[in-house]
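For reference, the structure is listed below as structure tokens.
Here, each number is a calculation from the coordinates, and none is a lab measurement. Everything quoted here is computed from the prediction, not taken from an experiment. Cβ placement follows ideal geometry from the backbone for every residue including glycine, while neighbour counts extend to all protein chains displayed.
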Amino acid sequence: MDVTRRHLLLLLPAAAVAWKYVLAGTPEASPNYKLSEHWWSMLIDIPKCIGCGRCVRACADENDVPDGYYRTWIERYHVADWKVERPEVESPHGGMQGFPPNESTAGKDFFVPKLCNHCADSPCTQVCPVGATFITPDGVVLVDKTYCLGCRYCVQACPYGCRFINPKTNTAEKCTLCYHRISKGLTTACCEVCPTGARQLADLKNPKDPIHEFLRTHAVQVLKPHMATGSKVFYNGMDGSVR
Amino acid sequence: MQIPVEGFMYPNEVELQWGVLIVLYPFITGLVAGAFILASLERVFRVEAVKPTYRLALLTALAFLLVAPLPLQLHLGHPERSFEMYLTPHRSSAMAMFGFIYLWYLMAVLLLEIWLDYRRDIVLKSQASIGMVRLFYRVLTLGSSNISERSLRIDERLGYFITLVGIPSAFLLHGYVGFIFGSVKANPWWSSPLMPIVFIFSAMVSGIAVVMLLYMVSTWLRGREIEIRCLDKIAQYLFYTFIIDFSLEMLDLLQRIYEADESFRTLDFMVHTRLWKSQVIVQILLGTVTPIALIGLTRILKLTGTARKRIYALAGSLTVIGIFAMRWNVVIGGQLFSKSFLGYTTYKMGFATREGLLTAIVLMILPFVILWVLVKLLPPWPDADPLTASDTTPAHGTS
Amino acid sequence: MFEDIEHLIRLAVVMAIAVVAFLVLRAAVVPSSFGQYGHYRGAAIAEIAARPIAFAGHDVCGACHTDIVEQKKLGKHAVVSCEACHGALARHGDDPTAVTPTKLDTSVLCSRCHEANSAKPKSFPQVVTADHSGGIGCDTCHQPHTPKIEEKIATGGKK
């Protein structure tokens, strides 16, 4: 799914409006943005991911992610022949500096970007004792860091390992789907810098969003479907060995 | 602090979230629930033999209950916000229910029962003492000095009712801790419907063992005679409860081994390597099988009172260690393996840090300090009287 | 008659006072936007959305750097956003003279994407740098904005 001129024409005016708010120093959610009109998700195209780690770096820059913790990360899989249930996986520094070349033995190798799945039935929001983490009406799971106690129950409850405790604020933290960007018509930092278009932000409530056509014509999966979390990150071309 | 990782872990999983303080919390609330159940044996089930431990069990429960929130507060990233759990509790969260269950148990069950049971002594002490201590007792009387026969009988009936309500409350207090773990579908080591039940029974075992040990130690310190009949009875309850607890844990283990689902290989490896000492050696062999065998021995063989006391002391101590190990294996064990089932991490416990070993040791000593204060203010001994030296064992179940 | 339960009545009064005090405290302290959309502080949504932006987005660069963007559109890097290589530059877009981006070192930058790796898709252009160029800067032969060498020749030399 390449970014074509058509996409640029659609995005340009929205970006211009949003940019005006940023420049004016009043970057509150732009008044054009209505919560009920969006249901955010992401599409990850595994055959396109080259494991460059730009997304991991960009996320850290955009969101001040502390060293050693990751709001998004890349995993490299090596599946030896028929051993689908026993892949070898690595993620050096979350893939932020890319991956060293490896000697490939018989089998297949590929990259899998991971992030918060912004689950519609999220187990993490279910267990929060005070309501500090929640799903917004437009489908993004966020953490209210002025309300979070830092009890770490949500970190335990997430099946995907996407949460951590920020050592500076002592509160829970995770991917926010760059909410401060998408609510202004921009795309997420990770999607912005992905050189191959392997990561694409998608709005399921927008009938013109290319994701609808894509989901109809490709075999996609979500991570850990048996957990029934209502995950909204869809993976195209994902191998069965992916954990 | 570089944490050694074996295999693959999701990057954010390498550091453990819940450490030794979170191991301590279920251990402490377990002692509370267990001690209370022992006290209720006398009050509700009229088991005469354990009467000497009745008040001691209640005070023990209180001392531990007062310390219970401390490991949690020290663990929180923002303890100053913990009151939010009372202001905006999230009803879908088992942890949110903590505040209310704890408060209910503390105020409506334990403190009320202790107050009603001790009220006569409190009123008498408020009249007999001087200074700050007098003020303390006077506040406790709530301004009423009525200790007529009728009022004491009313207290007695109300106390019975509260103990009755207290038994399911004690189960709830500790059962929900089991549910906090058991309801986490993301973690196969924890996720199990058996978890609350296993927690409750192991709580009862630890609570009974601690009260038994405290009774033996305090009686010895006071230079009095230990009532062997009381000890035998307590040991009997410990024995039966332990058998149930052990059966439940073995059932869980056997089912896991048999079904061997996708998590089994990684959990099995973890138990055989990283949890071998704490689970197989300490928890199962030393902490469960040995005490059961020891107490079983006293029931089969005809042993002298002295021999039985020694065996009970050993069995009780091993039990307490074993139940602590069980909490450790659940909490720490559940975080040593990756949710990808492809790797393992290590728990690096600090020493003099906020969540370190030293803190844990202090928190374990603190309840005994509080108990010592409580025992001075509200003597639980059956042969103690607030004013005279004569025996005035409070009359329960006599009518 | 009541004197025998006087202590219980006093206790009930104390408990009632405590409950009322708690309810009053709760009404005063719970944030006003709590519960607006669900069991959370509704104002948090706007607070999180108000975070400053670090990446300007590829459209913004074209406002000033039209020539480079036009050139890029002709080549294989058309779909690669400017900030993918140049880093987060919203502050530069905000005040171009105050914040100047650093020049990139192609000997480390390009290999991140283009160094051969068995896990990369086979159709993706990748080389073993040691064999391909011996480690010299990639811009010795390639123009990063139009990387294919035929195109560079067509535009008449390195820009």
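Taking each residue of B:330-340 in turn, how many C-beta atoms of other protein chains fall within 10 Å of its C-beta, and what is the average?
The per-residue average across the peptide is 2.
Here the protein assembly as shown is assigned +1 on the Cβ of each Lys and Arg and -1 on the Cβ of each Asp and Glu. Its dipole about the Cα centre then comes out at about 540 debye. Relative contact order of chain C: 17 percent, from C-alpha pairs under 8 Å at least 6 residues apart in sequence. Check cross-link reach from C:Lys122 to the lysines: straight Cα distance under 27 Å, and skip same-chain residues fewer than eight apart. Answer for C:Lys122, where 27 Å is the Cα cut-off: A:Lys48, A:Lys83, A:Lys108, A:Lys114, C:Lys72, C:Lys73, C:Lys76, C:Lys148, C:Lys152, listed by chain and number.
Scaling against 2.2 N^0.38 Å puts the C-alpha radius of gyration of segment A:143-243 at 1.25. Computed from point charges on the beta carbon alone (+1 for Lys and Arg, -1 for Asp and Glu), the dipole magnitude for segment C:58-154 about its Cα centre is near 320 Debye. Scoring C:59-71, B:20-32 by mean Cβ neighbours within 10 Å over their residues and listing the highest first yields B:20-32, C:59-71.
Rounded to whole Å, the principal axis extents of the Cα atoms in segment C:2-49 read 62, 16, 11, largest first. Convex hull of alpha carbon positions in chain A: directionally averaged projected area 13.9 nm².
When you filter the GluC sites (Glu not before Pro) in segment B:169-253 for DSSP loop state and at most 10 other Cβ atoms inside 10 Å of their Cβ, you are left with B:Glu225.
Legend: translational diffusion of segment B:65-159 by Stokes-Einstein, Rh = Kirkwood radius over C-alpha pairs, 20 °C, 1.002 mPa s; D = 134 µm²/s. Checking every one of the trypsin sites (Lys or Arg not before Pro) in segment B:52-118 against DSSP loop status and a limit of 13 other Cβ atoms within 10 Å picks out B:Arg91. Counting Cβ atoms of other protein chains within 10 Å of each residue's Cβ and taking the mean over peptide B:145-152 gives 3. In order along segment C:4-13, the phi-based Karplus estimate (6.51 cos²θ - 1.76 cosθ + 1.60, θ = phi - 60°) of 3J(HN,Hα) comes to 6, 10, 4, 5, 6, 5, 4, 4, 4, 5 Hz; Gly and Pro are listed as x. Let me know the shape class of segment A:115-162, please: from the alpha-carbon gyration tensor, a ≥ b ≥ c as square roots of the eigenvalues, rounded when a/c is under 1.5, otherwise prolate if a/b is greater than b/c, or oblate. Note, shape of segment A:115-162 comes out oblate. With both labels modelled 7 Å from their Cα along Cα-to-Cβ, the B:Glu262 to B:Ser145 distance reads 7.2 nm. Within segment A:128-197, the trypsin sites (Lys or Arg not before Pro) that combine a DSSP coil assignment with at most 13 other C-beta atoms in a 10 angstrom radius are A:Lys168. Loop sites by DSSP among the GluC sites (Glu not before Pro) of chain A, restricted to those with at most 12 other Cβ atoms within 10 angstrom, leave A:104-243 as the longest stretch without any of them. Take the Cβ atoms of C:His86 and A:Gln97, set R0 to 25 Å, and the FRET efficiency comes out at 0.90. Peptide A:158-168 shows a mean partner chain C-beta count of 4 within 10 Å per residue C-beta. Just how far, in whole angstrom, is segment B:1-25 from segment A:138-177 if you go by their alpha carbon centroids? Spelled out, the Cα-based centre of one part sits 16 Å from the other.
Full extension from B:Ala352 to B:Thr290: what is 0.36 nm times the residue separation minus their Cα-Cα distance, to one decimal in nm? Show your work: numbers first, answer last.
On the way: separation 62, 0.36 × 62 = 22.32 nm, distance 3.35 nm.
Gain in length upon complete extension: 19.0 nm.
Sequence-distant contacts, meaning Cα pairs under 8 Å at least 6 residues apart, place the relative contact order of chain A at 29 percent. The calculated FRET efficiency for C:Leu11 paired with B:Ile243, based on their beta-carbon distance and R0 = 35 Å, is about 0.30.
Segment A:142-189: D in µm²/s via Stokes-Einstein (Kirkwood Rh, Cα pairs, 10 °C, 1.306 mPa s)?
It diffuses with D of about 135 µm²/s by this estimate.
Approximating the spin labels as points 7 Å out from Cα along Cα→Cβ, the B:Phe269-to-B:Ile300 distance works out to 4.0 nm.
Give me the Debye-computed log₁₀ of I(q)/I(0) at q = 0.10 Å⁻¹ for segment C:58-154, equal point scatterers on Cα only, no solvent, two decimals. Evaluating at q = 0.10 Å⁻¹ gives log10 I(q)/I(0) of -0.31. Mean residue ellipticity at 222 nm, helices only, the protein assembly as shown: -15000 deg cm²/dmol; runs of at least 4 DSSP H residues each add -39,500 (n - 2.57), and the sum is divided by the number of residues. Here, chain B yields an orientationally averaged convex hull projection of 22.0 nm² when only Cα atoms define the hull. Just to verify a number: FRET efficiency for A:Thr169 and B:Leu314, C-beta to C-beta distance, R0 = 56 Å, to 0.05? Once the sixth-power term is evaluated, E becomes 0.70. Name the residue, out of B:Leu303, B:Leu314, B:Leu336, whose mean-square fluctuation peaks in a Gaussian network model built on chain B with Cα pairs under 10 Å. Among B:Leu303, B:Leu314, B:Leu336, the largest GNM mean-square fluctuation belongs to B:Leu303. In terms of overall dimensions, segment B:1-84 has a Cα radius of gyration and Dmax of 19.3, 58 angstrom.
Which translational diffusion coefficient, to the nearest whole µm²/s, is obtained for the protein assembly as shown from the Stokes-Einstein equation, given a Kirkwood hydrodynamic radius over C-alpha pairs, 20 °C and 1.002 mPa s? List each step's numbers first, then the result.
Values: Rh = 30.3 Å.
Approximately 71 µm²/s, per Stokes-Einstein.
For a straight C-alpha distance cut-off of 22 angstrom, the lysines reachable from A:Lys145 (same-chain residues fewer than eight places away being disregarded) are A:Lys168, A:Lys174, A:Lys184.
Each residue, C:Val29 and B:Arg120, gets one label point 7 Å from its Cα in the Cβ direction; the gap between the two is 4.1 nm.
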